Amino acid sequence: MSLRIASYNVHGCVGRGGFDLQRVAQVIVETEAHVVGLQEVGDVHGDTPSDDQAIALAEATGMELVYAPNLSRGSRRYGNAILSRLRVLRTQTYDLSVAGREPRGCVRADLELGGGAQVHVFNLHLGLSFKERRRQAALLLSDDILHDATLAFPAVVVGDFNFWLPGPAPRLLRSALLDVGAALGRTEPTYPSRWPFLRLDRIYLGPGLLPRWLRVHQSARAMDASDHLPLVAAVEPAHPPTAEALPATNPS
């Protein structure tokens, strides 16, 4: 049994040729993921509020939605979302904003795996500044988020981390989490979508989860749908629960 998890920066559903929400939804379905962390849910041009986009993507994919806007300016709303084929038991949002920088956040969904087991999925989008990302990595690993004593199950952290070179932020994250790409020896670039060479999007695992494989979903549609490609991983619990809770990944 394995859990398929994806991270996908959808760029407000604006890709080659302009805005196309249904194209992004089709890419999400193509990944066959049980859980997808989405970043930049919100219209790049400010015409379509991000909550409308998030709801429409959930409806088009047949997945349950957890949505957390980080930025609201007039009609423009912008943030992160989690889509899940697993039952969502609990949600929470966290503020990762750094003074003087664009508001940033993290959204968490606790998902039912079956057999009494759960998984905590965290989805985030770190900032553009070197010092900002260092501060945000420290916040993520604080007692208020990943080291919260109330977290009773394994954690997965996905997102657009906005770094591709070694530095304080990636070193700090790898001190507490397993970088799936590094563990499997796969430095999978996801940006830009048509000629990817930067590894901005990553998937990290907490204790209790093991990586099986990692790949970039590079279909023709995905290369046109956003400026990022989806990153997809299969992970499995070190002590698997019953498998019947994992639904088919292709919606009927």
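The values are calculated or read from the model by the stated rules, or taken from the named source; none is laboratory data. This one's a predicted model, so the numbers in the text were calculated from it and none came from an experiment. Ideal geometry is used to build each Cβ from the backbone, glycine not excepted, and the neighbour counts take in all protein chains shown. Only protein heavy atoms, including side chains, enter the accessible area calculation; ligands, DNA and RNA are left aside. Shrake-Rupley method; radii C 1.70, N 1.55, O 1.52, S 1.80 Å.
Cβ separations smaller than 9 Å between residues 6+ apart or across chains give the following pairs from the stretch 74-102 residues that are under 16 Å from residue 53 (Cβ atoms) and among the aliphatic types (A, V, I, L, M) to residues that are modelled with pLDDT of 95 or more and open to solvent by 60 Å² or more (accessible area, probe 1.4 Å): 82/64; 82/91; 83/64. Set side by side, the residues 128, 124 differ, and just one is open to solvent by 20 Å² or more (accessible area, probe 1.4 Å) and either modelled with pLDDT of 95 or more or farther than 19 Å from residue 210 by Cα (or both), which is 128.
I'd like the residue in the stretch 152-177 that is touching a Phe, Trp or Tyr at 6+ places or on another chain (Cβ under 9 Å) and open to solvent by 70 Å² or more (accessible area, probe 1.4 Å) and, out of all such residues, is modelled with the highest pLDDT. That would be 174. Being out of contact with any helix residue (DSSP H, G or I) (no Cβ under 8 Å at 6 or more places or on another chain), of a type in the set (S, T, N, Q) and either in a loop (DSSP other than H, G, I, E, B) or at pLDDT 95 or above (or both) is a condition met by no residue of the stretch 61-73. If the condition is being of a type in the set (Asp, Glu) and either part of a helix (DSSP H, G or I) or at pLDDT 90 or above (or both), then the stretch 1-60 contributes 20, 30, 32, 40, 51, 52, 59. Where helices (runs of 4 or more DSSP H) sit wholly within the stretch 148-243, those with at least 3 residues that are closer than 20 Å to residue 8 by Cα and touching a helix residue (DSSP H, G or I) at 6+ places or on another chain (Cβ under 6 Å) occupy 220-225. Close contacts from the stretch 21-46, counting a first residue that is of a type in the set (Gly, Ala, Ser) and a second that is modelled with pLDDT of 95 or more and open to solvent by 40 Å² or more (accessible area, probe 1.4 Å), with Cβ to Cβ under 7 Å and a gap of 6+ residues or different chains, come to 25/60; 33/4.
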